[in-house]
Structure formats: structure tokens, C-alpha cells
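Notes for the one structure printed next.
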Amino acid sequence: MTAAAARPDIPAIIPAVGPSGDSGPILSVRGIHKRFPGVHALKGVNLDVRAGEVHALVGENGAGKSTLMHILAGVHRPDEGSIDFRGRTDVAIASEREAQRLGIAIVYQERSLFDPLSIAENVFAGRQPAGACGFIDRRRLRERTRGLLEMVGLAVEPDVPLSALSPAERQMVEIAKALSLDARLIIFDEPTAALTDAETSTLFGVIGLLKKSGVGIIYISHRLEEVFEIADRVSVLKDGEWQATLPVAGTTPGDLVARMVGRDLSVFTRRMAPDRATGTPRLEVRGLCDPPEAAGAGFSRVRLRGIDFSVRAGEVVALAGLNGSGRTEAALAIFGARPRGGGEILVDGRRIDPPSPASAIAAGIGYLPEDRKDAGLFLEMSVERNITAARLARRGGFWLDDAESRSVAEDFRRKMRIACRDVRQAVRSLSGGNQQKVMLARWLLVGPRVLIVDEPTRGVDVGSKAEVHALLYELAARGTAVVVISSDLPEALAVADRILVLREGCISGEISGADATEEKVLRLASIAVER
Amino acid sequence: MTPRAPDSAGRRPRWTSLPREVVLGALIVLIVLLLWLAGLVYPQLSTFFTLGNLSAILRNLAFEGILATGMMLLLVAGVFDLSVGSMASLSGVVAGWLMKKAGWPVPLAVAGALGTAAFGGFLNGVIVAKVRVNALITTLGTMGVFSGIALLIGGPGITFLPESFSRLGQEEFLGIQAPVWLMAALAGTAGFLLWRTRFFRQYYYIGSNPKAAHLSGINVEGMQILAFTIAGTIAGLAGIVYASRIQTASSTVGVGAELQAITAVILGGASLTGGRGTIFGAMVGVFFMALMKNLLIILRTSSEWQGIILGAVLVLAVGADSIMNRRQER
């Protein structure tokens, strides 16, 4: 181990270290705490990873997996706790560069790659081997890259531009990059989310090789069957707390799920299930799927594979599922903001055609996007103008009536208790909860028949959360069909009359709100049903 | 929910929180006042206030003022158009060619030229909004194309245009030439539409956040195509008016005019990132630039200095704005 550390110039060629017999932990994390404004993300987490071990990390959305990985990769710094790595006690990982220098690499989902550049330039980004005058040594660059590509089993020339590669091949380039850093600990963050089955088995082959060479591996995945296929041990995080570290051989998927669930529900007041047995469906979704080879630029690679459900007037339905299960994609497709391959959407029995946000809005669908700032708000514009945005494009008078707009906005400000000093204030300066209320007001103003809200309380403080929920109930009570997407499982359980669970672009099950437990939902969301 | 301090950011209305066009407008008034005072001491400066000089300023700014109206619309929508200068040349030449060489009656020739300009703008719009080529690249390309076609049709220019046509640009009313009235009418109409109608208000949303605008049901692509079409037509109008005033359709009249228009519009409060600006601001920007140029001429500075000074003023104005905005956000 130490020999390799002394010569960082040598690429981490596999034979460096064989797995030593007992091999104490290569990484040892003790009592890590991390607090973000309003969130205690990690509460005394422990984690040991041995050399030559694949250590899986599982937990619900928001359990703290990403935060922990970001601390190891130098993106965040812990508030408390210590990290020992490769025999050095209490290392401070102050930056991403520092993590690289220590030998910790994180394989993101092709997030750290540069499309137009060659594979070699990607692998050695910013660290290209150079000659005496500082010029890049192309020959050495190519050769070293070729060696690394061989190790990860990628038979492609180093000069090929990255844009020519498939998702799996890009993943391999990421791994080659990690190897070039002489990494002794490699973190895989949901590596198979974008991969086909064949590509996944290639990846597992490479992970097996890395394992043999004594690299420690942290493997994060929502797919429990993968954990059982590839991992030696598994650690469970729940709500920022470390639950257990278990040998995979001695546990079952059901056992893991049971350890992952059970967060504090006290923040949410469970709503009384109202009697709404009658009523025709307001929203019907039939056979919704992605176009055969679309989902191109700007869209994630999750594929929708035939989604059917309906929501009655006054009903609140939650779409649950893990990240990458297709919840947001389904919402976008229903709203007409994502190309649709097949299926139809009906509101009150009438088909929406053509699929576009404008026709969805005309049919009475409202959508609150997941990312408020990126896709929802007009940040520089006033509260008033943000509230009236969706009304603008609909039929209405030719002339604007600013006085009327202002009084409407003032009305919402009072009713929804939006904390701002003036409705002419730019929304940029509002808090997250208040921004979300502005978004809700926009749709309340047009009185939607169907409202889809994607992560309505993300980044919203507890008090505002309850207020947002109350607004959703109020809408439902007035006959709107409400669809809630939430990564926060307790929230989904608390607000919904019915829960639809998505898994890999399909609905894997439906549970009525009264019977729902976190465990039931998580089983449907993370364990493949035997076919 | 903790109530925010009611006046956390805006207790004192600082000058930095005023829109740029208001600051600039105040600056114009200040400069004119200073000029008047200075004129008492240096008689050379008082030539500024002669009727001849004032009417020359107006006459000269009409062309850019008309172009700036269309440019402001585009910048509000988050795009811009480098081809408006070439389009002005092209439409003047087309009008001249139609009435001199093809023998069309003047109204028809003008309509034909305006149609050409509208089509050119529409083309820009389709390439930017539908094909999704960046606006800089698209209009940089069409700038070359339009000016090339203008040269092909008109050579260096078409002279001695019919009397009935040149009257359009030379007529005076209340001692002010028709192009100035036209600019005022156009800016007034555009300003009012942008300020008061639902339809045109959509441009602020599109410029501010196109993704959110799309998700709010706004037809972003269609609206952008329309904006380019309008801006192209306005550029065509500017070219026709200019040709009429000098009774000559020159193929190079619009060279550099697009940059002048963008400079004026940005000085007047628009932002390259879109969603900001008013037609009033565009006019203030045009006036400010015309005033500076005129002053430099009166002070007998060489023309090289105009570029240096106007360029520096632009960077200073926008830079100061940017620094102040960042300070406020903190």
C-alpha cells in the first residue's frame, strides 16, 4: 500500500497489492456528523471498508448516502467525526483534489466527463503527462490511457471522442479515470442506473477485477438484487443514522428493507381518509411509455414502459418510488413536456392532443416541477408576475390589468401567508417555502382539474411543509385530482389516499393509504417481483 | 414560518436599485444642464442648443432608434439579432430596385421590401427557435447573407429614387422630420404593447426562464419566431426610411448599425440573459448615445474617439450594474 502511495506517478496497475489475509479496514469512518441549514443529514455514521471488499450502502432516498459519499470525495466537510484511510488516522479531506491525492475516487454517472474531448483527454483531464517544457506528451498520454482501458476491458482507441461511446462505455472511462488516480477506494454511485443488463455484467466483471487487486469499493444502489449479487457486506443508513453493517451472506432483501424504513412520522398529521367512493376519474393515464429510441438530449435515461392509472376528483394519489424509478418522467410525460411514445392521457374523459404543456394546461392540468429554480420560477420577476404566469397564455382579455393582477396576488399573499414585503418583490429573495407557495398560487389561480406536484416540500422548512399539505387538501376538497410525487416516504404516506409505486418505469403496485406502510412501499419499490 | 424582517433589503431606496434606464435618463438631463451652464462660459458649446443642431441630432438618431425598438423586443425575449443592419440595407435596395428597375408603384415597392424583411426575420426565427442554432451564430451568418444579397441586387447603391418616395423621409411636421415621427410612433406603440398586453408580456417570461415559460403553457418557439419576424420587419422599415431620406438605396447603409442598436439597448437597461428592459429604456439608450456623439463632434474630437468613449461607457455602465446587483444579492 505505502509503496504505491509514494509513487503517484505510477498508474494503479492491478498487481500493486494482493488482498492480504486478514486485511484490516482500508477506510474507517467514525461518528460522522453533518448538518445543513435545517437538516441534520448525518448523525454519527460509522463505516468500515476493507481492501478488496465490495461494500454496499443502502437506504431510502434522503437517508444520507450521498452526503456521506460527498464527504469522502471532499465535496463536503464533516462537522464532527474522524476518517482513517490507509493507515493514516484522522485524515482531513479538504477538497476533491485532496481526495484524489489520497486515493479516493468517485465514479459519478458520467457527470465528470467532457463530451467533445477524446477518451485520453477525459481520463487525464488537467493531469496530462507533459514534457519538460510543459507541452502535453501525446504519445505518453495515449499509451497510458490504452493501458488503463485494457484494464477495464474497453477495446476502444484512446483518441476516440467521448461522445461516440455508449453509457456503459462512459462508465468504464470513469473507472479508468479513477484508476489513473491510483485510487485505492472507489465509490460507485448508482452505477447501473443507465446500463442495460449486458453492460451491467461487464461492469460487475471490472468490479471483480478491482476487488482482486485490493481496491476497496463502496457500492451504492437502489437495486437490492445487485447488492446480493456483488457485495460482500452491506451497511444500512436510515434518516442519517447508521443502522447496521451485515455480511450479505447472512441477510435477505426483506431484512434489509425492514432496516431501511421507519422514520419519524410525527411531523406529519395523517389526513382523515374522506369518503370518495363515487365519482368518475378526473385523470386517466393509459399505457404511457417513452418513444422507442428517444429520451435524448435533456431527458434522463429512465424509460417509461407502460403506465396505467387514474385519479378521481378529490383524490390525492402519491407516486412513490426510488430515485430513477420514473416518477418525474411520468409526470413530465403526462404534462406533455416529455416526448411520448405511446398511450393517452384523458382529463374528464377527453383526450389531450397534441401532447404539449399548452394543451395540458388548456385541459386543466397543472404541474409543479421538481426543480423550482430551474424550471419553475422566473427568479428575477416579481411575486405578482410569477403568480399570474400560467394565466397569461390562456384565454383572457387582450389588455393586461395590472391593478387586478396586483390585487389577485395580494389575495394569495394573504391567504397563503407568503412572507414577502411586497408582491412586486423579486421571488429570488424569498425563502424556499415561500417560493413553493408562489408556485402553488400560480396553479390555484387557474383552478386546475388535475394538479401534479413534484417534490412539493423539498428544501422547505417544517412549518411551511404543513401549510403546503393543507393547500393540497384544500384543492382536493374543491374537486381537483392531486398527484403528489415525493421522495420523502413518510410524507407520501401521510398525504395520499392511495399510493402507486413505480419501479423501473412501470407501476409495480398499488396500496391504499389506510394500509400503506413504509415497508410495503419499499418492498414494491426495490425488490423485483418474481416473474 | 418565521416572518422575515419586513424591510430586510429595501429600507433605503438606493440609486443602485433604480432601473438603469431611469439612471441614464437622469444622466442625460444632467449633461444637458451642464452643457447649458458651460455654454455660458464657452460659447463654442452653446452651438449645441441651436435649432439646427438639435434637429440634426434627432434626424440622425431616427435610424438607430427604429432598429433599437426591434432589438429591445428580442433582448427581452432572451435573444438578439446581428443581421438587422444588413437587413436594413437589403430592404432599402429591394425597395429601390422594385421602383426603379422593375417599375413597381411606390406603395407596392415599399410593401415588397417590407415583406422581404419580414421573411428574413422569420427565417432567423425559425433557425433559432426550431432548428435551435444559437442566435449569435444564426444571425452572424444571415448578416453576411443579407448584405451579400443587397450588394448583388443594388451594387454599391441605387440612386435618384422617385420624388414621391423620397418625400416620405423628408416631409416635416412641426419642424421635425418624418423619420423622427415614425420612430416616436413605433416606439410608442411597441412600448405600450409590451407594457400593457397579455400577449407581449409573455416575452418577459420567455426571456427570464424559457423552461419555466414552456411549462407555464407559453408557446416559446412561436413567440421567438414572431419576435425575429417583427425585428426583421422593423429593420426593413428603418432601411426604407433611410433610403427615402437620402433618396438613395445604399447597399452598405446598415454596416455596424446592429452593434450600435445592441449597445443602445443594453445601455438602456436590457440584459443579454433576457427578461429585462423596456422600449422607453431603448429610447433613452439611443438618445444617450446620440448626445455623446454630438458632444464629441462639437468638441471637435476625432471620430476615432467616439468608438473609444462609447465602448468604455457601455462596459462601465453594465459593469457598475453588475457589481451593484451582486452586492445587493449578498
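Looking at B:Tyr203, B:Tyr242, which is the one that is under 23 Å from the mean Cα position of the chain (by Cα) and within 14 Å of chain A (Cβ to nearest Cβ)? If you could, list the steps in order and put the result at the bottom.
Working: B:Tyr242 fails: within 14 Å of chain A (Cβ to nearest Cβ).
Sole residue among the options that is under 23 Å from the mean Cα position of the chain (by Cα) and within 14 Å of chain A (Cβ to nearest Cβ): B:Tyr203.
What is the number of the single condition among (1) touching a strand residue (DSSP E or B) at 6+ places or on another chain (Cβ under 8 Å); (2) within 17 Å of A:Pro369 (Cα to Cα) that A:Leu444 does not meet? (1) is the only condition that A:Leu444 fails. Among the residues making up region A:444-500, those that are hydrophobic (A, V, I, L, M, F, W, C) and assigned to a strand (DSSP E or B) are A:Val450, A:Leu451, A:Ile452, A:Val453, A:Ala481, A:Val482, A:Val483, A:Val484, A:Ile485, A:Ile499, A:Leu500. Taken over region A:62-93, the criterion of being in a loop (DSSP other than H, G, I, E, B) and under 24 Å from A:Leu203 (Cα atoms) is satisfied by A:Ala73 alone.
Are any residues in region A:385-401 more than 8 Å from every other protein chain (Cβ to nearest Cβ) and either aliphatic (A, V, I, L, M) or more than 17 Å from B:Ile218 (Cα to Cα) (or both), and if so, which ones? A:Ile387, A:Asp401 - these are the residues of region A:385-401 that are more than 8 Å from every other protein chain (Cβ to nearest Cβ) and either aliphatic (A, V, I, L, M) or more than 17 Å from B:Ile218 (Cα to Cα) (or both).
Just a yes or no: is a residue in region A:404-412 within 11 Å of another protein chain (Cβ to nearest Cβ), in a helix (DSSP H, G or I) and at pLDDT 85 or above? Step through it out loud before you land on a result.
Residues of region A:404-412 that are within 11 Å of another protein chain (Cβ to nearest Cβ), as a first pass: A:405.
Still in the running and in a helix (DSSP H, G or I): A:405.
Add one more test, that the residue is at pLDDT 85 or above, and what stays is A:405.
Yes, region A:404-412 has at least one match.
Just to be sure I understand, how many residues within region A:443-475 are more than 23 Å from the chain's Cα centre (by Cα), within 24 Å of A:Arg312 (Cβ to Cβ) and of a type in the set (D, E, K, R)? The qualifying residues number 2. Has region A:107-130 got at least one residue that is without any contact (Cβ under 8 Å) to a residue 24 or more places away in the chain, in contact with a helix residue (DSSP H, G or I) (Cβ under 7 Å, 6 or more places away or on another chain) and either closer than 30 Å to A:Arg30 by Cα or surrounded by 14 or more Cβ atoms within 10 Å (Cβ to Cβ) (or both)? Checking region A:107-130: at least one residue is without any contact (Cβ under 8 Å) to a residue 24 or more places away in the chain, in contact with a helix residue (DSSP H, G or I) (Cβ under 7 Å, 6 or more places away or on another chain) and either closer than 30 Å to A:Arg30 by Cα or surrounded by 14 or more Cβ atoms within 10 Å (Cβ to Cβ) (or both).
Quickly run through region A:362-389 and pick out the residues that are under 29 Å from the mean Cα position of the chain (by Cα) and assigned to a strand (DSSP E or B). Scanning region A:362-389 gives A:Ile365, A:Gly366, A:Tyr367, A:Leu368.
When region B:209-233 is examined, which residues are found to be in contact with a Ser or Thr (Cβ under 9 Å, 6 or more places away or on another chain) and farther than 22 Å from B:Val133 by Cβ? If the condition is that a residue be in contact with a Ser or Thr (Cβ under 9 Å, 6 or more places away or on another chain) and farther than 22 Å from B:Val133 by Cβ, then B:Gly217 is the only one that fits.
The listed residues are A:Ser325, A:Ser310, and the only one of them that is more than 30 Å from A:Ala426 (Cα to Cα), modelled with pLDDT under 85 and out of contact with any Cys (no Cβ under 8 Å at 6 or more places or on another chain) turns out to be A:Ser325. Comparison of B:Leu161, B:Leu194 shows that the only residue that is crowded, with 20+ Cβ neighbours inside 10 Å and closer than 30 Å to A:Gly447 by Cα is B:Leu194. Scanning region B:148-163 turns up no residue that is among the small types (Gly, Ala, Ser), touching a residue at least 40 places away in the same chain (Cβ under 8 Å) and under 19 Å from A:Met381 (Cα atoms). In the condition set (1) buried (at least 19 other Cβ atoms within 10 Å of the Cβ); (2) more than 9 Å from every other protein chain (Cβ to nearest Cβ); (3) within 21 Å of the chain's Cα centre (by Cα); (4) in a loop (DSSP other than H, G, I, E, B), A:Leu319 is compliant with all but (4).
Under the condition of being aliphatic (A, V, I, L, M) and farther than 16 Å from A:Gln436 by Cα, the residues counted in region A:467-481 number 3. Give the residues of region A:312-323 that are closer than 18 Å to A:Glu455 by Cβ and in contact with a Lys or Arg (Cβ under 9 Å, 6 or more places away or on another chain), sorted by residue number. Residues satisfying the conditions are A:Val316, A:Val317, A:Ala318, A:Leu319, A:Ala320, A:Gly321, A:Leu322. Candidates in region A:227-239 are the residues that are at pLDDT 85 or above and not in a strand (DSSP E or B); of these, the one that is farthest from A:Ile32 (Cα to Cα) is A:Glu229.
Across region A:349-383, the qualifying residues are those that are over 21 Å from A:Ala333 (Cβ atoms) and surrounded by 24 or more Cβ atoms within 10 Å (Cβ to Cβ), and the one among them that is nearest to the other protein chains (Cβ to nearest Cβ) is A:Leu377.
Of all residue pairs spaced 6 or more apart or on separate chains, those with beta-carbon atoms under 9 Å, a first member in region A:396-408 that is in contact (Cβ under 8 Å) with a residue 12 or more places away in the chain and surrounded by 11 or more Cβ atoms within 10 Å (Cβ to Cβ) and a second member that is part of a loop (DSSP other than H, G, I, E, B) and of a type in the set (D, E, K, R) are A:Arg406/A:Arg424. Restricting A:Ala419, A:Ala441 to residues that are over 22 Å from A:Ala514 (Cα atoms), among the aliphatic types (A, V, I, L, M), within 14 Å of chain B (Cβ to nearest Cβ) and part of a loop (DSSP other than H, G, I, E, B) narrows the list to A:Ala419. Of the residues examined, B:Tyr242 is not one that is closer than 21 Å to A:Leu377 by Cα and of a type in the set (Ser, Thr, Tyr).
If you check A:Glu199, A:Glu241, A:Glu190 for being among the acidic types (Asp, Glu) and touching a helix residue (DSSP H, G or I) at 6+ places or on another chain (Cβ under 9 Å), only one passes: A:Glu199.
Within region A:330-345, no residue that is assigned by TED's automatic domain parsing to the domain that holds A:Ser356 and without any contact (Cβ under 8 Å) to a residue 12 or more places away in the chain sits with its Cβ atom under 9 Å from a residue that is surrounded by fewer than 22 Cβ atoms within 10 Å (Cβ to Cβ) and polar (S, T, N, Q) at 6+ positions apart or across chains.
Here's the yes/no breakdown for (1) surrounded by 20 or more Cβ atoms within 10 Å (Cβ to Cβ); (2) modelled with pLDDT under 85; (3) in contact with a Phe, Trp or Tyr (Cβ under 9 Å, 6 or more places away or on another chain); (4) assigned to a loop (DSSP other than H, G, I, E, B):
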site	(1), (2), (3), (4)
A:Arg146	no, no, no, no
A:Ser163	no, yes, no, no
A:Val173	yes, no, no, no
A:Asp182	yes, yes, no, yes
A:Phe188	yes, no, yes, no
A:Ala198	no, yes, no, no
A:Thr202	no, yes, no, no
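Do we have any residue at all in region B:262-281 that's within 14 Å of chain A (Cβ to nearest Cβ), crowded, with 24+ Cβ neighbours inside 10 Å and out of contact with any Lys or Arg (no Cβ under 8 Å at 6 or more places or on another chain)? There is at least one residue in region B:262-281 that is within 14 Å of chain A (Cβ to nearest Cβ), crowded, with 24+ Cβ neighbours inside 10 Å and out of contact with any Lys or Arg (no Cβ under 8 Å at 6 or more places or on another chain). Of the residues in region A:445-454, at least one is crowded, with 23+ Cβ neighbours inside 10 Å, touching a residue at least 12 places away in the same chain (Cβ under 8 Å) and of a type in the set (D, E, K, R).
Can you find a residue that is at pLDDT 95 or above, in contact with a Leu (Cβ under 9 Å, 6 or more places away or on another chain) and not small (Gly, Ala, Ser) anywhere in region B:165-176? Let's see the steps before the verdict.
The initial filter retains those residues of region B:165-176 that are at pLDDT 95 or above, namely none.
Checked against the condition, which is being at pLDDT 95 or above, in contact with a Leu (Cβ under 9 Å, 6 or more places away or on another chain) and not small (Gly, Ala, Ser), region B:165-176 yields no hits at all.
The values are calculated or read from the model by the stated rules, or taken from the named source; none is laboratory data. Quick caveat: nothing in here was measured; it's all calculated off a predicted structure. Quick reminder, even Gly has a Cβ in these numbers, built from the backbone with ideal geometry, and neighbours come from all protein chains shown.
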